[in-house]
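Each remark here refers to the structure printed beneath this line.
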Amino acid sequence: MEDMNNPVILEETSAPNNSKKKKIVNLVTVAVLSAVLIALCIFSAVILIDKCGADTSVASYDEATKDETVIVTENEKTDPTTPDGKVYTAKQDWEELLKINDEIKAWVDIPGTRVNYPVLKHEGDGYGSQYYLHRNYDLSYTFAGSIFIDYRSTQGVNSKNIITHGHKMNNGTMYGDLIKYGAYEGDLEYFKEHPTVFFNTPEGGNEQWMIISYFKTNTLNAHGDFFNYFMGEFSSDAQFMNYVYNVKIRSLFDIDVPVNEDDQLLVLSTCSHEYTDFRTVIVARKIRDGETVIPYVKSAKLAENPVWPEVYYSDHYGTRPEVTSFKTELQKGNIDWYDGEGKLTGSEWLVTVEGNSSYSVTFLDWDGSILSTQTVPQGHDAVPPADPVRPDDDYYTYTFRCWQLDYTNVNRNMAIAPSYDATLKNQ
């Protein structure tokens, strides 16, 4: 094979002028034929696209929606659509999926991302027990685990707030693509390309959810008060709306989506690394009948001063906004996204939001092993487990007497061990 870096120079013939003319003619002929061939290819592609309806060009969000006009009447049921106005038609074979595992409860899909997975819920989950953390939907082991519903969403897909968890894998799978919405600042272009979540169920079919908040939050007390977004159910409409207020003021995007006490929420939560043990959270509101997401997407912008955990302000300029409550800000006229009647009953108090400190209380067994750990709001009582039994030894029989520390009116972190009365055995 010839060395292309040192090409062989061919000898000229005895008629160099004629040879050059022939070469020029040949080059012109090849150029003309190439142009004709390219034109034929383009014409054929146009015909193919016209017949198949498969336009492979990529349009921006504004190009795809600039002439879009959606007219609906009140309470009209519309098919869910992607942000470019195309009807969402993906379907799951629920009969086959439920044959594999009847704990598959839904399917989550963010079109254009790698978020496209079954969602599971294990009835035995609880604090410290997450069955699908490292299990696939077919129950086989996988470090990536599955997307699953938090045990605090007690009604599953019918919960007021459906909380889902998924690993952030380094290759972008599972909930890894959630990070692309932004780190310390939101990526508005990415949000506008992926503003909705489809959460499909066997009973409800394809359901579209519009993102209303994208925020970062802490899990460590050293980083400030923890905002408890793990609330699947609510004791009152006032509490629910205060939760919505708290997720919206933390959002890196300002998304003009109305919310009221009759709405249902969906949470997508994963790990992130802006600071140690941080979380990235998406909160979406279920689309109402007759509603289109296009106006919300068009008007979305970056939030001017979202609320971060306290640790953020040690590294960045700026002052942390004051956090009050939904009712307080509504009375001040500072909330323009609420479209309910305003007749909110019950307390709006949220556990471990600003001003509501909480503590960790751990109950230990006789040998020092952990029986239970719980987060207790300041001033509230912890709930002890059943009296732990200490086995007899060669000399004594043990009877549980009490817990060694007072677990009522909690105002600090505690690890509480049991005390026993020891009765000497007959020798």
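The values are calculated or read from the model by the stated rules, or taken from the named source; none is laboratory data. The structure displayed is predicted, hence computed values, not measured ones. As a convention, Cβ positions derive from the backbone with ideal geometry for all residues, glycine included, and neighbour counts pool all protein chains shown. The area values use the complete protein model at the heavy-atom level, side chains included, leaving out ligands, DNA and RNA. Shrake-Rupley method; radii C 1.70, N 1.55, O 1.52, S 1.80 Å.
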Practice prompt. Sort S159, S235 from largest to smallest accessible area, using a 1.4 Å probe on the heavy atoms of the protein chains.
Written response: S235, S159
Worksheet item: From the backbone phi of region 388-399, what are the Karplus-calculated ³J(HN,Hα) couplings (6.51 cos²θ - 1.76 cosθ + 1.60, θ = phi - 60°) in whole Hz, Gly and Pro given as x?
Response: x, 9, 9, x, 5, 10, 5, 10, 10, 10, 10, 10
Item to complete: Report the extension gain between N221 and V87 in nm, rounded to one decimal, defined as 0.36 nm multiplied by the number of residues separating them, less their alpha carbon distance.
Response: 43.8 nm
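Just to be sure I understand: of the beta bridges DSSP finds with both ends in region 356-420, what percent are antiparallel, rounded to 5?
So the antiparallel bridges in region 356-420 amount to around 75 percent.
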Practice prompt. Note down the accessible area of E185, probe 1.4 Å, to the nearest 10 Å².
Written response: 130 Å²
Practice prompt. Compare H167, H380, H273 by solvent-accessible area with a 1.4 Å probe and give them largest first, with all protein chains kept in place.
Written response: H273, H380, H167
Worksheet entry | For region 174-189, Karplus couplings with θ = phi - 60° (6.51, -1.76, 1.60), whole Hz, Gly/Pro x | 6, 9, x, 6, 4, 5, 5, 6, x, 10, 7, 9, x, 9, 5, 4
Worksheet item: Which residues' amide hydrogens lie under 5 Å from the amide hydrogen of E207, considering only partners 5 or more residues apart or on another chain, with H built in the peptide plane?
Response: F199, N200, T201
Practice prompt. Describe numerically, in nm with one decimal, the distance between label points set 7 Å from Cα along Cα→Cβ at N170 and at S369.
Written response: 3.4 nm
Response to the item:
Burial-style ranking of 195-206, 361-372, average other-beta-carbon count within 10 Å with highest first, yields 195-206, 361-372
Item to complete: Report, by chain and number, residues whose modeled amide H sits under 5 Å from the one on T81, excluding near sequence neighbours (fewer than 5 apart, same chain).
Response: Y88
Fill in: Under-5 Å amide H pairs with G182, H placed in peptide plane, nonlocal only
D187
Discussion item. Testing the spin-label approximation: label points 7 Å from Cα along Cα→Cβ at E304 and L98. State their distance in nm.
Written reply: 5.1 nm
Worksheet item: Can you list the HN-Hα couplings for region 163-172, worked out from phi with the Karplus curve (6.51, -1.76, 1.60; θ = phi - 60°), rounded to whole Hz and with x for Gly and Pro?
Response: 8, 10, 10, x, 5, 9, 7, 4, 8, x
Discussion item. Quick check: pseudo-label points 7 Å beyond the Cα along Cα→Cβ at Y184 and T319, how many nm apart are they?
Written reply: 2.1 nm
Discussion item. Leaving out ligands, DNA and RNA, and with a 1.4 Å probe, what % of the accessible surface on region 330-427 is carbon or sulfur?
Written reply: 46 percent
